[in-house]
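The values are calculated or read from the model by the stated rules, or taken from the named source; none is laboratory data. Please read these numbers as outputs of a predicted model, since none were measured by experiment. So basically every Cβ, Gly included, is an ideal-geometry build from the backbone, and we count neighbours across all protein chains shown. Just so you know, the surface numbers come from the protein's heavy atoms only, side chains and all, with ligands and any DNA or RNA stripped out. Shrake-Rupley method; radii C 1.70, N 1.55, O 1.52, S 1.80 Å.
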Amino acid sequence: MHSSCKDKTSVLKENLLIVSQREIAPRIFEMKLSGEMVMDMAPGQFLHLRVPDPSKLLRRPISICQIDKVNKVATIVYRVERAGTAILSQLKAGDRVDTMGPQGNGFDLSVVSAGQKALLIGGGIGVPPLVETAKQLAAKGVEVISVLGFANKDAVILEEALSAYGKVYVTTDDGSYGTKGYVSTVVDELTKEYSFDAIYSCGAPGMLKYVDQKFENHPHAYLSMESRMACGMGACYACVVHLKNAQDAANQRVCEDGPVFETGKIIL
Ligand SMILES: Cc1cc2nc3c(=O)[nH]c(=O)nc-3n(C[C@H](O)[C@H](O)[C@H](O)COP(=O)(O)OP(=O)(O)OC[C@H]3O[C@@H](n4cnc5c(N)ncnc54)[C@H](O)[C@@H]3O)c2cc1C
Ligand code: FES
């Protein structure tokens, strides 16, 4: 029976069942969730999870990492930061998580077609949404190249998952794995060799700023942004970012108008 329901803002709310939860790197957890909501999910969207603790009123936004519509299972990968994510990490298979979603616009994969090339750029805990993106691009016949940046070897996640869909380059800040340096070290070399038809990125503000500047005039380059959220469904304006061109609508809500924005548009 379909247990999810649409509220007045057309956002689904469902108590998703935890199928499994495991720590895949220090403080980084992979949680598999099952429910009808999975059928509506797209790459680059996120889930808004209620922390099962009465003192935690605000939901926590976490990106969708993988979508399995056959088994109605979605995977999220998150890092324990403070109390809310620490509580989520204690949940076990069989528990349920009150979830709103899928939220946000997601990555536009329609701009590339078979035979074209896409560059995926991820930093740290920004890598998860790129996995489903890579999967769906590869399924369309798009050549996928990923460049992933991490602080050090211990923090490397999802390299293997992304390798299933194309070539993956890893950088670490301290050189303990892959190329020493930031993603820019590899991206600057790759762009001398190839021209990419689309760029999809998610990561820390510094990395997004680099991608924004480098691909400012690219017609299909996208940044997935983070912002503190309250309602998570477009009503409260807690999550706004501002457009560079003040003649455009002044505020963009990361939860509703984003989290994905074109390069060159947002003040970072
Ligand atoms: C669209 C989106 C997608 C995200 N996807 C992922 C993901 O896939 N994996 C992952 O590990 N993290 C992701 N984050 C960040 C994640 O939401 C925060 O790390 C998490 O909310 C921290 O909760 P906490 O209770 O541990 O920390 P606290 O600092 O105690 O949280 C207090 C409040 O601040 C908010 N907050 C804290 N840090 C952030 C942050 N970086 N971004 C937004 N709100 C924050 C919390 O949601 C909460 O409302 C995403 C954030 C956004 C906006
Ligand atoms: S969090 Fe309320 S509008 Fe985005």
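In table form, for the structure just shown:
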item: The chain, helix-only ellipticity at 222 nm - DSSP H runs n ≥ 4, -39,500 (n - 2.57), divided by all residues, nearest 500; result: -5000 deg cm²/dmol
item: Of K13/K56; K72/K153; K69/K265; K214/K265; K117/K214, those spanning more than 23 Å from alpha-carbon to alpha-carbon; result: K72/K153; K69/K265
item: Normalised contact order of the chain, rounded percent, pairs of Cα under 8 Å and 6 or more residues apart; result: 16 percent
item: Total charge dipole magnitude, the chain, about the Cα centre, Cβ charges on Lys, Arg, Asp, Glu only, Debye to nearest 20; result: 560 debye
item: Distance between the stretch 130-188 and the stretch 28-79 - C-alpha centres, whole angstrom; result: 22 Å
item: Degrees between helix 183-193 axis and first principal axis of the chain (Cα, 0 to 90, nearest 10); result: 50 degrees
item: Cα extents of the stretch 117-224 along the three principal axes, largest first (Å); result: 33, 29, 25
item: Backbone HN-Hα couplings from phi across the stretch 131-142 [Karplus 6.51/-1.76/1.60, Hz, Gly and Pro as x]; result: 5, 5, 4, 4, 4, 6, 5, 4, 5, 7, x, 7
item: Summed residue charge, Cβ within 10 Å of T172's Cβ, Lys/Arg positive, Asp/Glu negative; result: -1
item: The chain, accessible area per residue, ligands and nucleic acids excluded (1.4 Å, Å²); result: 46 Å²
item: Percent RCO, i.e. relative contact order, over the stretch 13-103, from Cα pairs under 8 Å lying at least 6 residues apart; result: 40 percent
item: Dipole magnitude of the stretch 13-103, debye to nearest 20 (Cβ charges: Lys/Arg +1, Asp/Glu -1, about Cα centre); result: 180 debye
item: Carbon plus sulfur fraction of accessible area for the stretch 83-166, probe 1.4 Å, in percent; result: 47 percent
item: Residue (of V187, G141, A164) at the positive-pole extreme of the stretch 140-268, dipole from beta-carbon charges; result: V187
item: Which of V73, A93, N105, positive extreme of dipole for the stretch 65-108 (C-beta unit charges); result: A93
item: Assigned charges on the beta-carbon of Lys, Arg, Asp, Glu; the stretch 117-224 dipole about Cα centre (debye); result: 140 debye
item: Crossing angle, helix 205-214 versus the chain [Cα axis fit, 0-90 degrees, rounded to tens]; result: 40 degrees
item: Amide proton proximity set for G149, modelled H, under 5 Å, gap of 5+; result: G122, G123, G124, T171
